[in-house]
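Read-outs throughout are calculated quantities, based only on the coordinates presented, and are distinct from any laboratory measurement. Because the structure is predicted, anything quoted here is derived from the model rather than measured. When we count neighbours, we look across all protein chains shown, and the Cβ atoms used for this are built from the backbone with ideal geometry, even at glycine.
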Amino acid sequence: MLSDKQKEIILSTVPLLRTGGVALTTHFYNRMFTHHPELKNLFNMGNQQSGKQQTALAMAVLAYAENISNPAVLMPAVDLIGHKHVSLNIQPEQYDIVGTHLLASIKEVLQDLATDEVLDAWKAAYGQLAGLMIGHEAKMYEGKQQTNGQWVGWKNFKVQRKVQESKEITSFYLVTEDGSAVPNFIPGQYISVQVFLPNINLNQIRQYSISCAPNKDYLRISVKRERNEKFDINGMISNFLHDEVHEGNILSISSPAGNFTLQNMYPKKVFISGGIGQTPLMSMLESLDQSKENSELVWIHACRNEEVRAFGNRLETITKENQQVKQHQFYEVVNETLAAKDVYEGMLDFSKIEKWQFEPEAEYYICGPKPFIEKAVKELTDNKISEKHIFFEEFGPKSI
């Protein structure tokens, strides 16, 4: 247990973390990877390359320090991270490695400011957090072991079908290699996929939302190809999947995880997506459409143009067959043949949608790039939509 004195010491380091948190976490990752290069197979080296992971960890450490007297307020974040850790098969002993190098980094970066009292306080604080995380994740692992079709760690799946959904997005239909049952999941969840990248001689793991409704036959992930001239390691993985993984090939995946899922507080659901952010929302929409419940469903999607839009035909079929589903599409560039349909030119703009109303008794699900999510959330809250009715998922390290 942390003493009151130790809590005061942790709080006194908050200003240092605000100004120097990223320098600390950058030093920490460099130190840990030097001593444990095998962990590069576990961590997202693309996010290391871009600095996103260092920033995300600095924000997390700061949030923990600021709330050291009441860590219970961080339970939503603990649950979010716990799902990610379970999908990566993180084990308790790996927390010891992180703790060793985090404390050493505090000493090396803060130097004279890292007194014995400060180090003892942070050792106790990290021990408290690690214990909280390990306990939470242990319950999640136990749940997977007790649930039919779920598993802990990695399992081989075969690519049954590979379908091009748009100019940039390809779907992979996955079935178990051993013929066992496809796991059930909650719409909105993701799986981790582990691939070996010869270019960097490392295994890398990425999370991909399941883009279909739960069914007994397959899991579907839909991957956007990154086409930047200087794409990072994340781009290497998307291109590897598009170019090197074919029907009949084997992929190693984790069982479904994630807490960005349907809440079912109100019958009306509004799905708001940007680009590849539509994948978890597609799973939710398909699931609700198949359930035939009397729910009003609104689909709002924004992307660059018709060429890069995925699932267009599937959405057209759903909206024709289910009068409860309405869809609205935003393209940055609209050609003349689309102008007459429910297609709007420009970025997401609720005011362009005919008869649009911000309804307080509805659920709003948002997924897309960080600026897209922030803009949509702000517009909803500015129009009296409670934050309790807004749910979003940001792909990559959390920065919102």
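Computed on region 4-146, with alpha-carbon pairs under 8 angstrom and 6+ residues apart, the relative contact order is 37 percent.
Under a no-solvent Debye model with one identical scatterer per Cα of region 269-394, what's log10 I(q)/I(0) at q = 0.10, 0.21 Å⁻¹? Once normalised to I(0) and log-transformed, intensities are -0.28, -1.38. Taking only the Cα atoms of region 124-283, the ratio Rg/Rh comes out at 0.99, with Rh defined as the Kirkwood radius. Each peptide among 47-54, 185-192 gets the average number of other Cβ atoms lying within 10 Å of its residues, and from highest to lowest they stand as 185-192, 47-54.
The label-point distance for VAL73 and ARG161, in a model that sets each label 7 Å from Cα toward Cβ, rounds to 4.9 nm. Extending 7 Å from the Cα toward the beta-carbon at both ILE200 and ASN294 defines two label points whose distance is 5.3 nm. By DSSP, the beta bridges lying fully in the chain are antiparallel in about 55 percent of cases. Given R0 = 41 Å, the distance between the Cβ atoms of SER12 and LEU80 translates into a calculated FRET efficiency of 0.90.
Entry note, region 155-253: relative contact order of 36 percent, from Cα contacts under 8 Å with a spacing of 6+ residues. In this simple spin-label approximation, THR19 and GLU332 carry label points 7 Å from Cα along the Cα→Cβ vector, and these lie 3.9 nm apart. Three principal axis extents of the chain based on alpha-carbon atoms, in descending order, are 69, 50, 45 Å. Computed over region 4-146, the quotient of the alpha carbon radius of gyration and 2.2 N^0.38 Å is 1.04.
In whole percent, what relative contact order does the chain give with Cα contacts below 8 Å and a gap of six or more residues? For the chain, the relative contact order is 15 percent.
The length gained by stretching the chain between LYS352 and THR115 to full extension, at 0.36 nm per residue less their Cα-Cα distance, is 79.4 nm.
Applying 1/(1 + (r/R0)^6) with r as the Cβ-Cβ distance of ILE97 and LYS384 and R0 = 45 angstrom yields a FRET efficiency of 0.40.
Extension gain, GLU177 to ASN322, is 48.7 nm, computed as 0.36 nm per intervening residue step minus the present C-alpha separation. Taking each residue as 0.36 nm, the span from ASN249 to GLU361 lengthens on full extension beyond its C-alpha to C-alpha distance by 35.7 nm.
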